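Visitor: Here it is: the structure, laid out below.
The values are calculated or read from the model by the stated rules, or taken from the named source; none is laboratory data. If you're wondering where the values come from, they're calculated on a predicted model, not measured in any experiment. We place every Cβ from the backbone using ideal geometry, glycine too, and count neighbours over all the protein chains shown.
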Amino acid sequence: MVNATGTIIVTPNNTVTSNAARTLCINSALSPAITHTTTGATGIGTATGLPAGVTAAWASNTITISGTPTAAGTFNYTIPLTGGCGTVNATGQIIVNINTAATVANTTLCIGTTISRTQATTGATGIGTATGLPAGVTVSWA
């Protein structure tokens, strides 16, 4: 008869926290960085779905997603944890909007003259409060 002794170590499955979607404008730094806290993992695999200009790194049980996105769109990312037990991914969403701008040429009119001007925009979904308009002049979004 042979007897053996030893220690069995039971390691819990990996875990990762989730985060709410983050929205920012193209070419604007992701600040503060997005973080996911992990337990059990020893690193991360290749991140997929991040916008161009944004990267993921792992250190001290924290995934940090940072950078400056150079592409607009909705990006659903997945970052697999490595090491430890179980198959777990950090997931989230980054929404990158295009910068909206409208350029308007100056208009010269005589007092009492009606003005009707249409300005095309790209990426805008409305307008804020107009400032600096002369008395009697209003602006609206259509």
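Visitor: Can you give me the number of residues within segment 61-80 that are within 19 Å of Ser18 (Cβ to Cβ) and out of contact with any His (no Cβ under 9 Å at 6 or more places or on another chain)? Talk me through it step by step, then tell me what you get.
Guide: If we filter segment 61-80 for residues that are within 19 Å of Ser18 (Cβ to Cβ), which is where we start, we get 61-66, 74-80.
Next cut, out of contact with any His (no Cβ under 9 Å at 6 or more places or on another chain) only: 61, 66, 74-78, 80.
So the answer is 8.
Visitor: So how many residues does segment 16-62 have that are surrounded by 14 or more Cβ atoms within 10 Å (Cβ to Cβ), more than 16 Å from Gly92 (Cα to Cα) and among the small types (Gly, Ala, Ser)?
Guide: 4
Visitor: Here's another thing I want to ask about it. Within segment 13-67, count every residue that is within 27 Å of Thr100 (Cα to Cα) and not in a loop (DSSP other than H, G, I, E, B).
Guide: Selection size over segment 13-67: 10.
Visitor: Does Leu24 satisfy being at pLDDT 95 or above, in contact with a strand residue (DSSP E or B) (Cβ under 9 Å, 6 or more places away or on another chain), under 30 Å from Val10 (Cβ atoms) and not hydroxyl-bearing (Ser, Thr, Tyr)?
Guide: no
Visitor: Shifting gears a bit: Out of all the residues in segment 78-101, which are farther than 19 Å from Ala124 by Cα and assigned to a loop (DSSP other than H, G, I, E, B)?
Guide: Gly83, Gly84, Gly86, Thr87, Val88
Visitor: For residues that are at positive phi and at pLDDT 95 or above, tally how many sit in segment 30-42.
Guide: The qualifying residues number 0.
Visitor: Give segment 89-128 a look and list any residue that's farther than 30 Å from Trp58 by Cα, touching a residue at least 12 places away in the same chain (Cβ under 8 Å) and surrounded by 10 or more Cβ atoms within 10 Å (Cβ to Cβ), or say none.
Guide: If the condition is that a residue be farther than 30 Å from Trp58 by Cα, touching a residue at least 12 places away in the same chain (Cβ under 8 Å) and surrounded by 10 or more Cβ atoms within 10 Å (Cβ to Cβ), then Asn99, Thr100, Ala102, Gln119, Thr121, Gly123, Ala124, Ile127 are the ones that fit.
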